[in-house]
Amino acid sequence: MKVAVAKYRIQAPADFAAFAERQARVLGDAAAQGARVAVLPEYLSLELAATFDAATQADLHVSLAAIQRYREDWLALYAGLAKEMDLHVVAGTFLLAQGAGRYRNRCDVFAPDGAHLWQDKLQLTGFEKGLGVIDGGDALKVFDIGGVRTGVAVCYDIEFPLPVRAQAEAGARLLLVPSCTDTEAGATRVRVGCLARALENRVFVAQSVTAGEAAWSPALDVNTGEAAIFAPMDRGLPADGVVVQTAGETAWAIADIDIDALERSRDAAQVANDRDWPGQLQPAITRARVEKS
């Protein structure tokens, strides 16, 4: 199954129609290259703040409230593109109002058959906590995409082993990671998290990123990192864990991932982190003992 992860350059659409036209063009490019799954980045919905006046653009709290008017259009747009292009579309994230001025960072997943699935971001970064209006999700999910059991870990969530482990134990062999980082350190943290989760769970991890600069936005002003697909570092797989990644102005990193081959490779594997996971849970080693000299 071909998976495409976006290095999505943030722009300033004049209106929703302009945003929708670009989404069709961007996703059409991935579909034309044979992708069956296309992953857009975290905070994608905040690009829609550009459709409002300068004062709204500059105030993230006001922007969050303003973009809610586009929610139904957002759902219809990506559902339609998924069906039209016979493509599973992971539509980045939408900061979705929950009432009482609170929001959740929701990743919507659209299937060609009309199915609409979603996963909320669970862990909040310091930036998100500082806004004071975003809540973490309260449910962890897996679902089938093109016959592959799949989970979503939104950006910071990929840096936490246990929820991803629970997704793997529920059968996930592909993790989708919409991300947005504004420093090199942030990009490195998410990348290292992707590599670590691929190693621990013997899964493929597909990370999308935002790119470029958008001085008009307090959230999308600076963007860092490369989109990439990662695999366990073992025999028959990339030694550095990187299946494919973007570089420069490249908009998509695309790779054909073979879940069956990944499963068959277990027999010749040098290590079995996924199967050896229970070894670290032995009561004698779950707490460190202080030795006195």
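The values are calculated or read from the model by the stated rules, or taken from the named source; none is laboratory data. It should be emphasised that the depicted structure is a prediction, and the values quoted were computed from it without experimental measurement. Positions of Cβ are backbone-derived with ideal geometry, glycine not excepted, and every protein chain shown enters the neighbour counts. Surface areas here come from the heavy atoms of the whole protein model, side chains and all, with no ligands, DNA or RNA. Shrake-Rupley method; radii C 1.70, N 1.55, O 1.52, S 1.80 Å.
Residues in segment 74-133 that are assigned to a strand (DSSP E or B), touching a residue at least 40 places away in the same chain (Cβ under 8 Å) and either touching a Pro at 6+ places or on another chain (Cβ under 6 Å) or not hydrophobic (A, V, I, L, M, F, W, C) (or both): 88, 105, 107, 116. Residue-level analysis places residue 18 among those that are open to solvent by 10 Å² or more (accessible area, probe 1.4 Å) and either more than 22 Å from residue 116 (Cα to Cα) or not in a loop (DSSP other than H, G, I, E, B) (or both).
The single condition among (1) in contact with a Pro (Cβ under 9 Å, 6 or more places away or on another chain); (2) buried (at least 16 other Cβ atoms within 10 Å of the Cβ) that residue 2 does not meet is (1).
If you filter segment 145-166 down to residues that are open to solvent by 30 Å² or more (accessible area, probe 1.4 Å) and within 16 Å of the chain's Cα centre (by Cα), you find that the one that is nearest to residue 59 (Cα to Cα) is 156.
Taking segment 176-218 as the range and being open to solvent by 10 Å² or more (accessible area, probe 1.4 Å) and aliphatic (A, V, I, L, M) as the test, the residues that pass are 185, 187, 192, 195, 196, 199, 215. Within segment 113-138, being under 16 Å from the mean Cα position of the chain (by Cα) and either under 18 Å from residue 200 (Cα atoms) or small (Gly, Ala, Ser) (or both) holds for 136, 137.
Are there any pairs with C-beta distances below 7 angstrom linking a residue in segment 208-219 that is in a strand (DSSP E or B) to a residue that is loosely packed, with under 14 Cβ neighbours inside 10 Å, with the two at least 6 apart or on different chains, and if so which? Sorted first by the residue in segment 208-219, then by its partner, the pairs are 213/221.
Quick check on my filter: what residues within segment 96-132 are surrounded by 16 or more Cβ atoms within 10 Å (Cβ to Cβ), among the aromatic types (Phe, Trp, Tyr) and out of contact with any helix residue (DSSP H, G or I) (no Cβ under 7 Å at 6 or more places or on another chain)? Of everything in segment 96-132, just one residue is surrounded by 16 or more Cβ atoms within 10 Å (Cβ to Cβ), among the aromatic types (Phe, Trp, Tyr) and out of contact with any helix residue (DSSP H, G or I) (no Cβ under 7 Å at 6 or more places or on another chain), namely 118.
(1) out of contact with any helix residue (DSSP H, G or I) (no Cβ under 8 Å at 6 or more places or on another chain); (2) more than 20 Å from residue 6 (Cβ to Cβ): which one isn't true of residue 223, the others all being true? Unmet for residue 223, out of (1) out of contact with any helix residue (DSSP H, G or I) (no Cβ under 8 Å at 6 or more places or on another chain); (2) more than 20 Å from residue 6 (Cβ to Cβ): (2). Among the residues of this structure, residue 138 counts as one that is surrounded by fewer than 17 Cβ atoms within 10 Å (Cβ to Cβ) and part of a loop (DSSP other than H, G, I, E, B). Does residue 11 count as open to solvent by 30 Å² or more (accessible area, probe 1.4 Å), under 21 Å from the mean Cα position of the chain (by Cα) and farther than 24 Å from residue 144 by Cα? Yes; evaluated as a whole, the condition is true for this residue. Of everything listed in (1) surrounded by 14 or more Cβ atoms within 10 Å (Cβ to Cβ); (2) under 17 Å from residue 173 (Cβ atoms), the single unmet condition for residue 263 is (1).
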